[in-house]
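The values are calculated or read from the model by the stated rules, or taken from the named source; none is laboratory data. What you are looking at is a predicted structure, and each value in this text was computed from that prediction instead of being measured. In this analysis, Cβ positions are derived from the backbone assuming ideal geometry, glycine residues included, and neighbour counts consider all displayed protein chains.
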Amino acid sequence: MDGIDYVLKSRDLEEPRFVQQPLLEELEVGEIEGVPLFSYPQVDFPISPNVALGRNLNSILDASSKTEMYLKLALIAGGTSALWTLLTKGISSGLSGGTMDIIYRIGVPKKVHELLDNVDIAVGSLQRRIQIGNIMAKGLMKNEVQRIVSIAGGSCLIPIEAIYQARKYGVQIVNVDYSPKANQKAEEILELGRKKSDMGIGIKYLPSDILNEDIPDDIDSPKPQIFECTGFWEYLNPQDRERLLTKVSSSLKVGDTLVLTALFNNPQQALFDKMGFKKLNPQDFNEYIKQIVNSGLKVEKVYITPNKTYVTAVVSR
């Protein structure tokens, strides 16, 4: 099969992908609310969970106090700094401030892989990293798109990888995010890419609380754009999702595309709740489609990760 080979491993993704990659082969697996549903079998990476680490992680459910919970987390992290960052800063921030790159396995040691392979949405996040990048790369290849508008885009890893995959020069990313740490990480990733192959990518940072402020006028463009919101939806309640869709819908023009990702299923929700992780809100698949359609937008396709944790809708005006 053309595209990424089935033997792709998570360890192959520890660095940002700065080389042109073939597009993945889509597999149609059904439909939801009349919308075709696709998956990418090539991103069903083999995983190697460390069972002992998994047991230690699940033992947090039995912790009788926050002190006991943090002691258990400390034992899991040990001397692995990336795990300390993930299990402390990530818990309180919901992976904002650049910690999402740990979930995407950028520059992480073996122990991080072994722990994250026990967590379904961590495996799904790695699958969606490649899946979303492929979707955006296709959009960049097909039309006059020269700009990706990233809403709460963090370090912009996926848009940057999509641009390199499409091998399209001079694309601008507009990052609507209020995290200085995420912006710093975006610059670091961009500089790494320039050293390997300068694609003329520029990132414009627009600090904005997207739920309480209007989308800045700076994003307006006469040419078609890709809007991506692929790590934010699961933190929103139904009312905030409605507000976000209203704001994005008002900015989306005919010819633009919105790539919107939702958490569909988190089998370890009880563990996340116990750890005090920033609240995640999985959404029923049919409800997700209906909410987008009710906002006046059209869902063209939907993609589901092979482990059935995340769904990504390709939306148009």
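Observations
- Of the set (1) assigned by TED's automatic domain parsing to the domain that holds Pro109; (2) within 24 Å of the chain's Cα centre (by Cα); (3) at pLDDT 90 or above, all apply to Thr88 but (3).
- Residues satisfying the stated conditions in region 161-182, i.e. crowded, with 21+ Cβ neighbours inside 10 Å and either over 19 Å from the mean Cα position of the chain (by Cα) or under 30 Å from Pro238 (Cα atoms) (or both): Ala162, Val171, Ile173, Val174, Asn175, Val176, Asp177, Ala182
- Note on region 214-250: residues that are more than 18 Å from Val145 (Cα to Cα) and aliphatic (A, V, I, L, M) amount to 4.
- In summary, helices (runs of 4 or more DSSP H) completely within region 93-170 and bearing 2 or more residues that are farther than 17 Å from Gly193 by Cα occur at 100-103, 110-116, 120-142.
- Considering residues of region 211-240 that are under 17 Å from the mean Cα position of the chain (by Cα) and assigned to a loop (DSSP other than H, G, I, E, B) only, the residue modelled with the lowest pLDDT: Gly231
- Region 31-69 - residue that is over 20 Å from Ala122 (Cβ atoms) and either of a type in the set (Phe, Trp, Tyr) or assigned by TED's automatic domain parsing to the domain that holds Ala270 (or both) and, of those, surrounded by the most Cβ atoms within 10 Å (Cβ to Cβ): Phe38
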